[in-house]
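The values are calculated or read from the model by the stated rules, or taken from the named source; none is laboratory data. Just so it is clear, the model here is predicted, and its values are computed rather than measured. Neighbour counts are summed over all protein chains in view; Cβ atoms, including those assigned to glycine, are modelled from backbone coordinates with ideal geometry. Protein only, heavy atoms only, side chains kept; ligands, DNA and RNA dropped before computing areas. Shrake-Rupley method; radii C 1.70, N 1.55, O 1.52, S 1.80 Å.
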There are 2 protein chains.
Amino acid sequence: MVVVGGDAAGMSAASQARRLKGEDELEIVAFERGGFSSYSACGIPYWVGGQVDGADQLIARSPGEHRERGIDLRMRTEVTELDLPGQRVRARDLESGDERWWGFDRLVLATGATPVRPDLPGIGAPGVHGVQSLDDGRALLDTLEEVARRGGAPDGGPRAVVVGAGYIGVEMAEALIRRGFRVTVLNRAPQPMTTLDPDMGELVHEAMCGMGIETVNGAEVTAIRTGADGSVRAVATEDAEYPAEVVVLGLGVRPATGLARDAGLPLGEYGGLLTDLSMRVRGTENVWAGGDCVEVLDLVSGRTRHIPLGTHANKHGQVIGSNAAGGYATFPGVVGTAVSKVCDLEIARTGLLERQAAEEGLRFVSVTIESTSRAGYYPDARPMRVKMLAERRTGRLLGTQIVGREGAGKRVDIAAVALTARMTVEEMTALDLGYAPPFSPVWDPVLVAARKAVAAVRKAG
Amino acid sequence: MVVVGGDAAGMSAASQARRLKGEDELEIVAFERGGFSSYSACGIPYWVGGQVDGADQLIARSPGEHRERGIDLRMRTEVTELDLPGQRVRARDLESGDERWWGFDRLVLATGATPVRPDLPGIGAPGVHGVQSLDDGRALLDTLEEVARRGGAPDGGPRAVVVGAGYIGVEMAEALIRRGFRVTVLNRAPQPMTTLDPDMGELVHEAMCGMGIETVNGAEVTAIRTGADGSVRAVATEDAEYPAEVVVLGLGVRPATGLARDAGLPLGEYGGLLTDLSMRVRGTENVWAGGDCVEVLDLVSGRTRHIPLGTHANKHGQVIGSNAAGGYATFPGVVGTAVSKVCDLEIARTGLLERQAAEEGLRFVSVTIESTSRAGYYPDARPMRVKMLAERRTGRLLGTQIVGREGAGKRVDIAAVALTARMTVEEMTALDLGYAPPFSPVWDPVLVAARKAVAAVRKAG
C-alpha cells in the first residue's frame, strides 16, 4: 500500500490499515513532501497568535511514531508521477534529488490542497505568507519577529494586511492583533465570511471593527509594494494603498490534484478527485483518495463540493484505511458544517446558504431570531443570532447559521444532526435538548428558530 | 377554556390559544393556587445561590401581563373539584374563601408536581424547606438569612443538610456553599445522581468532595432533630447525626394528580396523567394535560415516564394551546435528556441508562471514553468522560452520558437528536459536527465514543 501525502487523511488511512493488517500481511509506504506529518493545520492561527506554544503541539503523531508502528513514512519525499496501469509511483527524495519507482497494490492519494496565491506584482516578496502548512507557520512567525525587532511605523506598532476574510482570514486577523500588530483585512466580497449569508456576515464585520480590526470590503488587491530591500511596504488595491510590513494570504485553497489529473483520474467541478462512498476513486479498482484533495457529497443538495477540513480528512482516512486493508466502511457525505471564532465572536453554519439553496432550485423560507446562550436571567447569558432556512411545502431543514458569543458556535451541531436525519423544522421544534438555566433558555435558540421557521413555512404555503 | 395551574404548561397553553383565537372567539380563564405565574422553578437554585438577583427575574410573564393579553388569570385561587360530565370546575378564592363553579368547553390540566416530603419526626420544623415554587425559595432565603444572622456553630460557619443527591440536591448544595454554609448531602443511593449509571455518578461524587461538599451515600434519613425553640439542630440517619441549622429537601417530585384521579382520569404507573400525542387526556374529548402532571412517551423505550422539566412543560403548553384553539400540533415524546451542573462540573444524559435498557429487555454494549472540550493543544481544553450505550446487533444508539467541565454538558444534544432520528452508532461516526480547535478536538468526544461503540457492537456480535 502506497500513500501519497503524510498529513491527516494519508496517515489516518495508513494507521487504520496497519491496525487491521500486521506488517507480515501488508507493507505500507507513505511519502510526504514537507517536514511534518499528521499535524493540525487548523491550529496554525493559534500557534501564530501565541495561544499554542510551538509547532510540536500541533503534531498528532511524528514521523518516528509512525515508523514505530510499522509505517515506512518517507519525509521530504515528493511523488512526481503516478503510473496507474503499471501500478507504481515515482518519488523524489528532496534532500538527495534521487528518484525511483515504487510499486503498489493499493494506492491512497492524500495530496491535500494548495493555497490560492494570485499572480500579483510583489507576491513573491519574503514578507508575503500563506498559512497552509507548519513550514508556512514557522516562516510567518520568523517574519513577525523580525518586523517586531525592526520596530513599527512612527505612528504606532507594526502593521499587517490580511488578504481575504474567510475562516483563515479572520482567524489570522485575530492572531496578528494578539501579536501586537495593527491589522487591516482586505476583502474582495461585500462582507466578511461569504460562507454565511450577507446579513449574518455583516454581524461579523461589525464585531471585527469592535475588536480593532480594520476591514475593507469590496477591496480587490492589485499589487504588493516592496521597498528597495525587497521587503513589504504596502498592499495596493484599485482604490488605495494600505501600509504593511507583513502580508498574510487567506484566500482559501484548491485541491492539489495535478498528479491525479495527469494520470487521467476523474476530477469534479472544483478540481477535486471524485470518489464513491467507500472513498475509492471513481473508475478505479485499487485507488482511494481523501482529505483536502477530494470533493465530498453534500447530503443536503445532493451534489459534490470541495470542503477542506481536518475533521473530514480524518474520517476519510479511517474509511480508506479500513477498505484498503480489506475491511468495509463508507463516508456518506457532509452537510457543510463549519465553526470559527474571531476573538470572542463565534461563527457557525451548516447546510445551505440562501444563495446555494437558490442555485439548487429549492424554494425556501428563511427566518432569523435573537436569543441567548443561557437562561436570560442567568449570569453571562450571551446573545446570539440564529438564521434558519427551510424548504417550502415540505418544511425540511435546509440550513442554519449562528453568530454570537460564547456558547453559540457548537449549537450548530443540533442542526447538523437534524440535517443528516432530514428532519423538518416542525420535527425539530419537539427535540428534547438539554435544558437547565446555566446551559440554555427554556426554548433553546435553535428551537426558537425552528418554531419561527414552521410559522414561515405555513404562511408561505 | 379553563386552565388549572398558572405556571409553564398552563400559561403557555393559554397564551398560544389566545394567539390563535381572539377574545371575541374564546374566553380563557386560568386558576393559580400560588402567588406567581409563569416562572422558572429551575432557576430557584441560582436565586438562592445569589447568581440571580430576585424572584422577579425568574418570572417570564406576570399575572398582569397575562391579563393584558386577554387571559383572565385568577391568582391564589385553587381548583378543588373537577366535574367532567357537568363540564365545570369548582374553584376557591384562597384570600376570601369564596368558592364557585366555572363552566368550560375545553379544560387544560396543568397542576404540576408536589415535592416528595417523607413523613419523618421533625419534618414540619420551620427550618426544613422544599424548593419547588418561588414561595418555597423565598421562605428558604428568609431562613438562610436568619441563620446567618444568628451566626454559625463555634467551629465554623452555619451548616446545612441537603437530603437527596439528584439534580435539585446537587444544585442546592452548590447554592448553599455559595451562601457560606458548610454543606452535607445525605443520599440514600450508593452514589449521587441516580439519573446516571453508577460509574458516571461516582465522578460526580468525587467532584463534589473536591468542592468541599460532604456527600454521605447510603444514608437513610430517620428524623429531623429540633431544639427547644423548634428550630432545626440536626438530621439523623440510621448511623449518625449531622448537625444543621437548615435542611433542604431534594427528593424529587410526584405528579400532582389528586383532582384528576378523583375525576376518574387515567393515570400511569408513576401517577401522571396519560395523554395521546395531541396532549389530550386519554378517553376524553375536550380535556388536555401537560407539564409536570403528565407522563410522557419515552421514544427510546416506547413506554411512558414521569420527567418533570420546564422545557417539556413549555412544549406541552404550545401543543395544547394550538389544539384547544382548533389548530393542530403534537408532542411526539422525549428521549430523556437532562443537563445540570454543580460548581464547574457539567452533568448530562440522554436516552437510557444501563439499568433502564436492561429493564426494557434490550441487549446492549456500553463504552466509555475520555476526551477534551477543545483540541488538546488549545488553551482551556477541559476533560470530559462520555459513556455510550448501543443495542447489540442493530447498533442503534440507546443512550449517552457525559460528565466533564465547561463545554461538556450541551454536547449531549448531539446524541439527543441522533436518538430522535433512531441513528446507529455507525451512522453517528460520520456526523458532520462543528470542528475548529477552540470548539472541539478533530474527532468530537461524542464521535470518539460512537467509534468505540461501533467496535464494541461488532465484537459482541
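A few comments on the model shown:
- Residues being surrounded by fewer than 24 Cβ atoms within 10 Å (Cβ to Cβ) and assigned to a loop (DSSP other than H, G, I, E, B) - total across the stretch B:274-299: 11
- Considering residues of the stretch B:309-347 that are hydroxyl-bearing (S, T, Y) and over 30 Å from B:R178 (Cβ atoms) only, the residue nearest to the other protein chains (Cβ to nearest Cβ): B:T330
- Condition broken by A:Y377, with the remaining ones in (1) under 30 Å from A:R106 (Cβ atoms); (2) surrounded by 21 or more Cβ atoms within 10 Å (Cβ to Cβ) satisfied: (1)
For (1) under 30 Å from B:A173 (Cβ atoms); (2) surrounded by fewer than 18 Cβ atoms within 10 Å (Cβ to Cβ); (3) within 10 Å of chain A (Cβ to nearest Cβ), each residue gets a yes or a no:
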site	(1), (2), (3)
B:G54	yes, yes, yes
B:E68	no, yes, no
B:V79	no, no, no
B:R88	no, yes, no
B:R92	no, no, no
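- Annotation: of all residues in the stretch B:94-115 being buried (at least 19 other Cβ atoms within 10 Å of the Cβ) and closer than 12 Å to B:N286 by Cβ, the one that is nearest to the chain's Cα centre (by Cα) is B:L109.
- Selection status of B:L274, of a type in the set (A, V, I, L, M, F, W, C) and either free of Cβ contacts under 8 Å to residues at least 24 places away in the same chain or within 26 Å of B:R90 (Cα to Cα) (or both): yes
- Residue pairs whose Cβ atoms lie under 6 Å apart, separated by 6 or more positions or on different chains, with the first residue in the stretch A:413-426 and open to solvent by 30 Å² or more (accessible area, probe 1.4 Å) and the second part of a helix (DSSP H, G or I), are A:E426/A:V454.
- Scan of the stretch B:320-335 for residues that are of a type in the set (A, V, I, L, M) and open to solvent by 10 Å² or more (accessible area, probe 1.4 Å), ordered by number: B:A329
- Qualifying positions in the stretch B:70-98 - among the small types (G, A, S), in contact (Cβ under 8 Å) with a residue 24 or more places away in the chain and assigned to a loop (DSSP other than H, G, I, E, B): B:G70
- Subset of the stretch B:386-401 [assigned to a strand (DSSP E or B) and more than 26 Å from A:C42 (Cα to Cα)]: B:K387, B:M388, B:L389, B:A390, B:E391, B:R396, B:L397, B:L398, B:G399, B:T400, B:Q401
- Matching residues in the stretch A:6-15 - criterion: being buried (at least 24 other Cβ atoms within 10 Å of the Cβ), closer than 14 Å to A:S62 by Cα and small (G, A, S): A:G6, A:A8, A:G10, A:S12, A:A14
- Across the stretch A:411-434, the qualifying residues are those that are in a loop (DSSP other than H, G, I, E, B) and touching a strand residue (DSSP E or B) at 6+ places or on another chain (Cβ under 7 Å), and the one among them that is nearest to B:V335 (Cα to Cα) is A:D432.
- Filter pass, B:G376 being touching an Asp or Glu at 6+ places or on another chain (Cβ under 7 Å) and of a type outside the set (D, E): no
- Checking B:P383 against (1) surrounded by fewer than 23 Cβ atoms within 10 Å (Cβ to Cβ); (2) without any contact (Cβ under 8 Å) to a residue 24 or more places away in the chain; (3) at the interface with chain A (Cβ under 9 Å from one of its Cβ atoms), the condition it does not meet: (3)
- Any chance A:A223 is open to solvent by 10 Å² or more (accessible area, probe 1.4 Å) and over 19 Å from A:L309 (Cα atoms): no
- Some residue of the stretch B:354-363 being within 22 Å of the chain's Cα centre (by Cα), within 27 Å of B:T275 (Cβ to Cβ) and open to solvent by 10 Å² or more (accessible area, probe 1.4 Å): yes
- Considering (1) at the interface with chain A (Cβ under 9 Å from one of its Cβ atoms); (2) open to solvent by 40 Å² or more (accessible area, probe 1.4 Å); (3) in contact with a strand residue (DSSP E or B) (Cβ under 6 Å, 6 or more places away or on another chain), the lone condition that B:F439 does not fulfil carries the number (2).
- Across the stretch A:352-375, the qualifying residues are those that are within 21 Å of A:W443 (Cβ to Cβ) and not hydroxyl-bearing (S, T, Y), and the one among them that is farthest from the other protein chains (Cβ to nearest Cβ) is A:V365.
- Out of A:E23, A:E32, one residue alone is out of contact with any Pro (no Cβ under 6 Å at 6 or more places or on another chain), modelled with pLDDT of 95 or more, closer than 24 Å to A:L84 by Cβ and open to solvent by 20 Å² or more (accessible area, probe 1.4 Å). It is A:E32.
- The lone criterion from (1) within 11 Å of chain A (Cβ to nearest Cβ); (2) open to solvent by 10 Å² or more (accessible area, probe 1.4 Å); (3) on the phi < 0 side of the Ramachandran plot left unmet by B:I402 is number (2).
- Just one of the listed residues (A:R225, A:R233, A:R178) is out of contact with any strand residue (DSSP E or B) (no Cβ under 9 Å at 6 or more places or on another chain) and more than 28 Å from A:D292 (Cα to Cα), namely A:R178.
- Filter pass, B:L251 being in contact (Cβ under 8 Å) with a residue 12 or more places away in the chain and assigned to a helix (DSSP H, G or I): no
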